[in-house]
Amino acid sequence: MKVVYNSFNGRYSDNPRAIHEALLGRGGADEHVWLADPGHRHTFPAGVETVRIASPAAVAALESADVLVANCHTDLDTWRKRPETVYLQTWHGTPLKRIHRTAISQPPAELFDEMDNEIARWDYLITPSRAGTDLLRTAFGYPGRVLETGYPRNDVLNAPDREQRRAKIRAELGLTAEHTAILYAPTYRDDEATVGDVALGLDLDALARSLGPTHVLLMRRHYFLGGRTPVPHSDQVRDLSAYPDISDLYLAADVLVTDYSSVLFDFAVTGKPIVLVLYDLEHYRDRLRGFTLDLVAEAPGPMPTDQAGLTGLLSDIPALIADYGPRYAAFRERYCHLDDGRATQRVVDALWPA
């Protein structure tokens, strides 16, 4: 059997990576091929077979695949899916912001036609929760088969060795037990996606100074914007936008700061506190994208609208945890109930039975 993988258009990461590693662990003679972006080829482990994405070799790999595992649209125009090929679409997050035809701001109609043609090729869609199934079906207009399994990429967050992994990652990042690591992972804005410099949303240097030397900010930009607008670098501010696997950063961090990113659903699996800084809420909600849920009513943490409010909350994390405990628990029950560390096994059992 030949299995081809595509994660974020050429990276070794996310749900496809978890499934790949599980299949390798089973052994057997299956062939595994990844579509790789040359800029990220160095992040692939030694021995992993790759072909350059958007190349004739990638098209050939796709057209000879028995199974395609992807977490994004694999929209190479020249690729023709064979009837016997199984396309497993894992996607890459519970959609908080509206996507596809449900978004407020719309791309050209012909782009939707391409996406709909892609969606029609999916044979299975992985969903992270019962609520996630409804949100993803609605977003994509997808009537096909669903594997409601939880997200394989989140298994590491509930793995028996998660504390050992956390310690190892923190040591590699130079974080000691005295450091409070704040992961700042905002999403992108559609109206900024094609401009040069993009605002960071926060003054990271000023935030670090206000919190003091034991706090370290780990900046993780959306992969659309990873190389744009330099991030200040110091002992307290690190740009980890190119770090291969954000799940490692979830483990390393003590608190998440985000805005409208689906990372809040994944980070909630850890049980660690979340703050949503919503400095442009009305613009994003009412004119730019819109939400799939009532964020103000359901968010698992506080929602300051400026940096001063955020600083105050991060200065007293024990109070933050105590104040938002019930909301956090309700959020986890609704959106994270399947992220129990066994999602990958459920996917493998469904499509690759022993």
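The values are calculated or read from the model by the stated rules, or taken from the named source; none is laboratory data. A quick note: this is a predicted structure, and the numbers were derived from the prediction, not measured. No Cβ is skipped: glycine too gets one built from the backbone with ideal geometry, and neighbour counts run over all protein chains shown.
Under the condition of being within 18 Å of Val347 (Cβ to Cβ), among the small types (Gly, Ala, Ser) and not in a helix (DSSP H, G or I), the residues counted in segment 2-30 number 4. Where in segment 245-340 are there helices (runs of 4 or more DSSP H), lying fully within it, with 2 or more residues that are surrounded by fewer than 18 Cβ atoms within 10 Å (Cβ to Cβ)? The qualifying helices (runs of 4 or more DSSP H) are 295-298, 307-314, 317-323, 325-335. Determine, yes or no, whether Pro16 is at pLDDT below 95, under 25 Å from Asp266 (Cβ atoms) and surrounded by 22 or more Cβ atoms within 10 Å (Cβ to Cβ). It is false that Pro16 is at pLDDT below 95, under 25 Å from Asp266 (Cβ atoms) and surrounded by 22 or more Cβ atoms within 10 Å (Cβ to Cβ). A Cβ distance below 8 Å, combined with a sequence gap of six or more or placement on separate chains, defines the contacts here; from segment 278-292, residues that are within 9 Å of Arg189 (Cβ to Cβ) reach residues that are basic (Lys, Arg) and surrounded by 12 or more Cβ atoms within 10 Å (Cβ to Cβ) in the pairs Asp280/Arg189; Tyr284/Lys97; Tyr284/Arg189; Leu288/Arg189; Arg289/Lys97; Arg289/Arg98. Considering segment 244-259, and only residues there that are touching a helix residue (DSSP H, G or I) at 6+ places or on another chain (Cβ under 6 Å) and not aliphatic (A, V, I, L, M), the residue that is nearest to Tyr279 (Cα to Cα) turns out to be Thr258.
Could you say whether any residue in segment 318-331 is under 19 Å from the mean Cα position of the chain (by Cα) and either closer than 30 Å to Leu88 by Cα or not assigned by TED's automatic domain parsing to the domain that holds Asp245 (or both)? Yes, segment 318-331 has at least one match.
Results for (1) touching a strand residue (DSSP E or B) at 6+ places or on another chain (Cβ under 9 Å); (2) modelled with pLDDT under 95; (3) more than 30 Å from Thr85 (Cβ to Cβ), shown as yes or no for each residue.
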| residue | (1), (2), (3) |
| --- | --- |
| Ile246 | yes, yes, no |
| Val275 | yes, no, yes |
| Leu281 | no, yes, yes |
| Arg287 | no, yes, yes |
| Thr311 | no, no, yes |
| Ala319 | no, yes, yes |
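Cβ-Cβ distances below 9 Å connect the following pairs, each with a first residue in segment 61-73 that is in contact (Cβ under 8 Å) with a residue 60 or more places away in the chain and more than 13 Å from Leu88 (Cβ to Cβ), a second residue that is β-branched (Val, Ile, Thr) and crowded, with 23+ Cβ neighbours inside 10 Å, and a separation of six or more residues or different chains: Ser64/Val4. Against the conditions (1) more than 20 Å from Arg153 (Cα to Cα); (2) assigned to a helix (DSSP H, G or I); (3) within 23 Å of the chain's Cα centre (by Cα), Thr50 satisfies every one except (2).
Kindly establish whether Tyr124 is modelled with pLDDT of 95 or more, touching a Phe, Trp or Tyr at 6+ places or on another chain (Cβ under 8 Å) and closer than 17 Å to Ala350 by Cβ. Spelling it out, Tyr124 is indeed modelled with pLDDT of 95 or more, touching a Phe, Trp or Tyr at 6+ places or on another chain (Cβ under 8 Å) and closer than 17 Å to Ala350 by Cβ.
In the set Leu111, Leu136, Leu147, only one residue is buried (at least 21 other Cβ atoms within 10 Å of the Cβ) and of a type in the set (A, V, I, L, M); that residue is Leu136. For segment 136-159, the set of residues classified as outside any helix (DSSP H, G or I) and touching a residue at least 60 places away in the same chain (Cβ under 8 Å) consists of Leu147, Glu148, Thr149, Gly150, Tyr151, Ala159, listed by residue number. Among residues of segment 328-342 that are touching a residue at least 24 places away in the same chain (Cβ under 8 Å), those with a beta-carbon under 7 Å from a residue that is β-branched (Val, Ile, Thr) and part of a loop (DSSP other than H, G, I, E, B) at least six positions away or on a different chain give the pairs Tyr335/Thr94; Leu338/Thr149.
Just need a number here: residues in segment 32-57 that are closer than 24 Å to Trp352 by Cα, loosely packed, with under 14 Cβ neighbours inside 10 Å and in contact with a strand residue (DSSP E or B) (Cβ under 9 Å, 6 or more places away or on another chain). Within segment 32-57, residues that are closer than 24 Å to Trp352 by Cα, loosely packed, with under 14 Cβ neighbours inside 10 Å and in contact with a strand residue (DSSP E or B) (Cβ under 9 Å, 6 or more places away or on another chain) number 1.
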